[in-house]
Amino acid sequence: VQLQASGGGLVQAGESLRLSCVTSGNMKPRNAMGWARQAPGKRREVVASITDTGSTTYIDSVKGRFTISRNNAVNTMYLQMNNLKPEDTAVYFCVDGVIAGRVLGDWGQGTLVTVSS
């Protein structure tokens, strides 16, 4: 599975960004997919995931601000990020095969999100 993320950039606190992830290859349509991030000096964490039926989960720090969605017809997943905070600064990865907050499948290349205060 190939995962191509885009949409990162530099924004100010309170602004919004939308990340996109185009998938290709031997997809398993029943897999939950998600977005993970790695901030400088910190471990990677899955911030949001979505099942093939549209059920979503989020970590507490992004609830109410981030929205994950997927369009299986065009093999694309999104992460709408609103009211961004400096602590959201990280490299964001789209990932495949998320179970209980762990990535058991493939990782895409990252896209950098920088939020200035």
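Assorted remarks:
- Considering only trypsin sites (Lys or Arg not before Pro) in DSSP loops that have at most 16 other Cβ atoms within 10 Å, the longest stretch of the chain without any of them is 66-117.
- Among ALA48, ALA36, ALA13: highest mean-square fluctuation, GNM of the chain, C-alpha pairs under 10 Å: ALA13
- Neighbours of ARG43, meaning other residues whose beta-carbon lies under 14 angstrom from its beta-carbon, give a summed charge of +3 when Lys and Arg score +1 and Asp and Glu score -1.
- Accessible surface computed residue by residue for the range 2-117, with neighbouring protein chains in place and a 1.4 Å probe, gives 54 Å² per residue.
- Euclidean distance between Cα centres, the range 68-117 to the range 1-53, Å: 2
- Farthest towards the positive end of the charge dipole of the chain, among the residues SER55, GLY8, LEU84, is the Cα of SER55, using unit charges on the Cβ of Lys, Arg, Asp and Glu.
- Expressed as a whole percent, the proportion of Cα-Cα pairs in the range 1-108 lying more than 18 Å apart is 42%.
- Counting only protein heavy atoms and a probe of 1.4 Å, the accessible surface of the chain is 47% carbon and sulfur.
- When the chain is treated as a GNM with alpha-carbon contacts under 10 Å, the residue of VAL62, VAL95, VAL46 showing the greatest mean-square fluctuation is VAL62.
- Local net charge near SER69, Cβ-Cβ under 13 Å (Lys/Arg +1, Asp/Glu -1): +1
- Simple point charges give the picture: +1 on the Cβ of Lys and Arg, -1 on the Cβ of Asp and Glu, and for the range 15-93 a dipole about the Cα centre of about 160 debye.
The values are calculated or read from the model by the stated rules, or taken from the named source; none is laboratory data. If you're wondering where the values come from, they're calculated on a predicted model, not measured in any experiment. Glycine gets a Cβ as well: all are built from the backbone with ideal geometry, and neighbour counts include every protein chain shown. We work out accessible area using only protein heavy atoms, side chains counted, and drop any ligands, DNA or RNA first. Shrake-Rupley method; radii C 1.70, N 1.55, O 1.52, S 1.80 Å.
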